[in-house]
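Undergrad: Sharing a structure with you now.
The values are calculated or read from the model by the stated rules, or taken from the named source; none is laboratory data. Bear in mind that the values here come from a model prediction, so they are computed numbers and not experimental data. For neighbour counting, all protein chains shown are included, and Cβ atoms are generated from backbone atoms with ideal geometry for every residue, glycine included. Surface areas here come from the heavy atoms of the whole protein model, side chains and all, with no ligands, DNA or RNA. Shrake-Rupley method; radii C 1.70, N 1.55, O 1.52, S 1.80 Å.
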Amino acid sequence: MALPDDLFAAIDMGTNSIKMIIVQFHPPSGRFLTVARHSDRVCLGRDSAAASSNSSPSISPDAVLEALRCLRQFTEILRARGIPPRRTRCVATSAVREAANGSELVEAVRAATGLDVSVLSGEEEARLAYSGVIQFFPVREKRALLIDIGGGSTEFAIGEGGIVDFATSLKLGHVSLTQRFAGGDVVGGMRNFIRAAVKDSGLVQQVKRFGFEVAVGSSGTIGAVEKAVFHGYGDVNVAAETDTSAEELLRRHVKRDWRFSRVELKRVVERLCTEEGQEEKEIREELFKKRSEFIVAGTLLLEEIFELLGIEEMEVSEYALGEGVVAEALKEEFNEVGFKLNANPRWNSVVRLATRFNNKKRVENGARCAAFAKGIFEGLRHCGKLIDLGGEDLECLEAACLLHAIGLFAGKRGYHKQSYRVIMEGNHLYGFSTEEIKLIALLARHHTKKFPKPYQASLAETPEEFRQKLQGLCTIIRMSVVLQKNKRLNFEDMELSPLDGGFRLVFKQQLSVDIPSISEASKS
């Protein structure tokens with residue numbers, strides 16, 4: 001039984017790092033899921049940023065060599081995943097488009113890896129970032145202002161209905177600003193420089209002209225601000241959070257909404273600009289990690305943008321330029337069949353929750369688990385099993401596969417119970433009925449440990465039909481979690497056939513597993 005595995009890849013050659021994402025796309029449903037993320041801290045813009053006073057900065061020879069090394073590794077990953085060149089896009093942004101030797105780097109990349117690099121204009125970069133964000137957020141029908149702070153530039157886009165009405169880019173980035181003001185007036189001088197650059201660009205007038213209902217940020221800097229706000233960095237010493245009870249921390253995580261206000265941003269900036277000393281340095285390195293070197297410049301830039309554009313609150317997107325590049329590639333590939341991206345708001349809410357609570361490895365494992373579960377579900381239906389279950393039940397099963405490990409944010413012990421709690425109490429899933437959310441939560445809760453008993457407390461007042469459905473789907477998710485752990489197994493090579501009241505799974509690698517009937521498994 002072959003399952004579709006429509007994988008696409010995007011490589012983003014940025015100022016401070018080179019990143020690659022792999023997206024799984026299902027044309028019939030419009031489902032869009034980033035299943036793998038790779039990043040290498042190659043600083044193409046560090047030397048060119050240091051030479052920002054010159055008219056033609058250049059990328060250093062060492063940075064070129066590092067970029068080629070990284071991209072060779074990325075192409076090996078793509079080959080191993082079976083992603084063909086026609087489904088791979090490689091783009092370069094500020095550092096390459098501003099560099100005098102940018103075209104030489106593009107040619108060197110083509111010669112060394114076979115990748116064709118598209119050097120994006122600032123406007124193209126902004127438009128693609130907006131396209132990526134609307135795959136993550138339900139803001140397609142709202143007038144949205146997108147802001148993406150990079151190492152060498154910041155992009156702005158205003159769009160509605162998936163159409164960008166305004167896009168621009170300013171040569172203000174956290175790396176270039178940090179190096180411009182190194183050893184100088186970091187706070188006052190940088191603020192004045194940013195304010196003058198924004199005002200001179202005409203951005204304020206353009207934003208007022210087009211207007212916006214919601215502001216969304218899509219960069220690592222903006223994500224770091226939300227993380228700092230969530231951990232109380234602007235209010236109290238982060239170390240004091242250890243005094244907070246485990247239950248209170250868990251409650252806050254469950255209700256986390258990944259947004260912050262102008263006031264909260266201001267508090268973070270104030271602490272970054274005033275607190276000093278070794279203890280503060282260690283706190284910043286723990287909280288902001290590799291971004292700590294540039295976080296002052298990034299937050300000062302964002303605060304000035306908030307003030308000048310009149311932003312009161314910002315939502316944070318996990319998707320950005322890379323997803324936008326893939327979205328554009330999908331439009332080209334599937335234009336003839338009239339496919340539609342972002343077509344399933346229910347599924348998009350599952351993806352948002354999985355992406356925010358899982359790390360990149362767990363997202364990929366969850367996607368593999370969902371693929372195995374779908375194959376088993378459809379195979380059982382073909383064998384005459386599960387005849388009373390339909391497409392919405394399958395969607396709940398796949399959602400549970402993506403979400404079963406989200407409770408690991410609280411630690412490994414009892415994580416399946418925390419996964420249940422986040423799904424039930426967090427109000428993160430949209431478009432699902434109360435019963436469907438409970439089904440997803442119970443499947444995540446019982447993917448391991450004890451099998452659900454028919455009359456346990458969590459099943460009180462549920463109809464018999466629901467309990468039977470849970471038993472069958474629970475068997476499938478438990479099998480799928482086990483199968484996805486074996487990286488030698490490929491769900492595309494899986495075949496299922498009836499066997500003495502149960503069924504047999506066979507893989508092309510000559511590995512086979514005899515599975516007992518669902519009724520027998522439910523007793524174990």
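Undergrad: Looking at region 393-403, is at least one residue under 20 Å from Gly366 (Cβ atoms), open to solvent by less than 10 Å² (accessible area, probe 1.4 Å), touching a residue at least 12 places away in the same chain (Cβ under 8 Å) and over 26 Å from the mean Cα position of the chain (by Cα)?
TA: Looking through region 393-403, none of the residues is under 20 Å from Gly366 (Cβ atoms), open to solvent by less than 10 Å² (accessible area, probe 1.4 Å), touching a residue at least 12 places away in the same chain (Cβ under 8 Å) and over 26 Å from the mean Cα position of the chain (by Cα).
Undergrad: Next question. Being of a type in the set (Phe, Trp, Tyr) and open to solvent by less than 60 Å² (accessible area, probe 1.4 Å) is the filter here, so list the residues in region 450-484 that pass it.
TA: Scanning region 450-484 gives Phe451, Phe466.
Undergrad: For region 329-409, list the helices (runs of 4 or more DSSP H) that sit wholly inside it and hold at least 1 residues that are modelled with pLDDT of 90 or more, of a type in the set (Gly, Ala, Ser) and in contact with a Gly (Cβ under 9 Å, 6 or more places away or on another chain); which are they?
TA: Of the helices (runs of 4 or more DSSP H) lying wholly inside region 329-409, those with at least 1 residues that are modelled with pLDDT of 90 or more, of a type in the set (Gly, Ala, Ser) and in contact with a Gly (Cβ under 9 Å, 6 or more places away or on another chain) span 345-357.
Undergrad: Being closer than 17 Å to Val350 by Cβ and not in a helix (DSSP H, G or I) is the filter here, so list the residues in region 433-483 that pass it.
TA: Passing the criteria: Ser433, His447.
Undergrad: Check whether at least one residue in region 413-430 is of a type in the set (Phe, Trp, Tyr), out of contact with any strand residue (DSSP E or B) (no Cβ under 9 Å at 6 or more places or on another chain) and part of a helix (DSSP H, G or I), and report yes or no.
TA: Yes, some residue in region 413-430 is of a type in the set (Phe, Trp, Tyr), out of contact with any strand residue (DSSP E or B) (no Cβ under 9 Å at 6 or more places or on another chain) and part of a helix (DSSP H, G or I).
Undergrad: Here's another thing I want to ask about it. Name the residues in region 30-42 that are part of a loop (DSSP other than H, G, I, E, B) and open to solvent by 30 Å² or more (accessible area, probe 1.4 Å), would you?
TA: Correct list: Arg41 only.
Undergrad: Shifting gears a bit: Could you run through region 154-173 and say how many residues are open to solvent by less than 10 Å² (accessible area, probe 1.4 Å), of a type outside the set (S, T, N, Q), under 23 Å from the mean Cα position of the chain (by Cα) and farther than 14 Å from Phe212 by Cβ?
TA: 2
Undergrad: Further, regarding this structure: Being open to solvent by less than 10 Å² (accessible area, probe 1.4 Å), over 13 Å from Gly310 (Cα atoms) and aliphatic (A, V, I, L, M), is that true of even one residue in region 200-214?
TA: Checking region 200-214: not a single residue is open to solvent by less than 10 Å² (accessible area, probe 1.4 Å), over 13 Å from Gly310 (Cα atoms) and aliphatic (A, V, I, L, M).
Undergrad: Of all residues in region 180-198, count the ones that are under 22 Å from Cys43 (Cα atoms), open to solvent by 50 Å² or more (accessible area, probe 1.4 Å) and in a helix (DSSP H, G or I).
TA: Qualifying residue count for the region: 1.
Undergrad: So the check is Cβ under 8 Å with 6+ separation or different chains; which pairs have a first residue in region 422-433 that's touching a residue at least 24 places away in the same chain (Cβ under 8 Å) and a second one that's open to solvent by 50 Å² or more (accessible area, probe 1.4 Å) and not in a loop (DSSP other than H, G, I, E, B)?
TA: Tyr430/Pro345; Gly431/Pro345
Undergrad: Can you name the residue in region 267-304 that is of a type in the set (Asp, Glu) and over 23 Å from Ala196 (Cα atoms) and is also surrounded by the fewest Cβ atoms within 10 Å (Cβ to Cβ) among such residues?
TA: Glu276
Undergrad: Answer with yes or no whether Ala129 is outside any loop (DSSP other than H, G, I, E, B), in contact (Cβ under 8 Å) with a residue 40 or more places away in the chain and either over 23 Å from Ser60 (Cα atoms) or open to solvent by 40 Å² or more (accessible area, probe 1.4 Å) (or both).
TA: yes
Undergrad: Related question: Tell me the residue from Leu115, Leu146 that is in a loop (DSSP other than H, G, I, E, B) and in contact with a helix residue (DSSP H, G or I) (Cβ under 6 Å, 6 or more places away or on another chain), please.
TA: After applying the criteria, what remains is Leu115.
Undergrad: Name the residues in region 430-449 that are open to solvent by 10 Å² or more (accessible area, probe 1.4 Å) and either on the phi > 0 side of the Ramachandran plot or among the aliphatic types (A, V, I, L, M) (or both), would you?
TA: Gly431, Ile437, Lys449
Undergrad: Looking at (1) within 21 Å of Glu333 (Cβ to Cβ); (2) touching a residue at least 12 places away in the same chain (Cβ under 8 Å), find the lone condition where Gly161 falls short.
TA: Gly161 satisfies all of (1) within 21 Å of Glu333 (Cβ to Cβ); (2) touching a residue at least 12 places away in the same chain (Cβ under 8 Å) except (1).
Undergrad: Residues Arg110, Arg89: which one is open to solvent by 60 Å² or more (accessible area, probe 1.4 Å), outside any helix (DSSP H, G or I) and within 27 Å of Lys171 (Cβ to Cβ)?
TA: From the options Arg110, Arg89, the qualifying one is Arg89.
Undergrad: Oh, and also: Are any residues in region 434-459 of a type in the set (Phe, Trp, Tyr) and in contact (Cβ under 8 Å) with a residue 12 or more places away in the chain, and if so, which ones?
TA: If the condition is that a residue be of a type in the set (Phe, Trp, Tyr) and in contact (Cβ under 8 Å) with a residue 12 or more places away in the chain, then Phe451 is the only one that fits.
Undergrad: Among (1) over 22 Å from Gly375 (Cβ atoms); (2) touching a Phe, Trp or Tyr at 6+ places or on another chain (Cβ under 9 Å); (3) open to solvent by less than 10 Å² (accessible area, probe 1.4 Å); (4) of a type in the set (A, V, I, L, M, F, W, C), which single condition is Ile423 missing?
TA: Condition (2) is where Ile423 drops out.
Undergrad: Any idea which residue in region 305-315 is least open to solvent (accessible area, probe 1.4 Å), counting only those that are part of a helix (DSSP H, G or I) and not aliphatic (A, V, I, L, M)?
TA: Going through the qualifying residues, I end up with Phe306.
Undergrad: When only residues in region 368-384 that are buried (at least 18 other Cβ atoms within 10 Å of the Cβ) and out of contact with any helix residue (DSSP H, G or I) (no Cβ under 7 Å at 6 or more places or on another chain) count, which is farthest from Arg37 (Cα to Cα)?
TA: This residue is Leu380.
Undergrad: For region 136-147, what are the residues that are over 15 Å from Gln206 (Cβ atoms), touching a residue at least 40 places away in the same chain (Cβ under 8 Å) and open to solvent by 20 Å² or more (accessible area, probe 1.4 Å)?
TA: Residues satisfying the conditions are Pro138, Arg140, Lys142.
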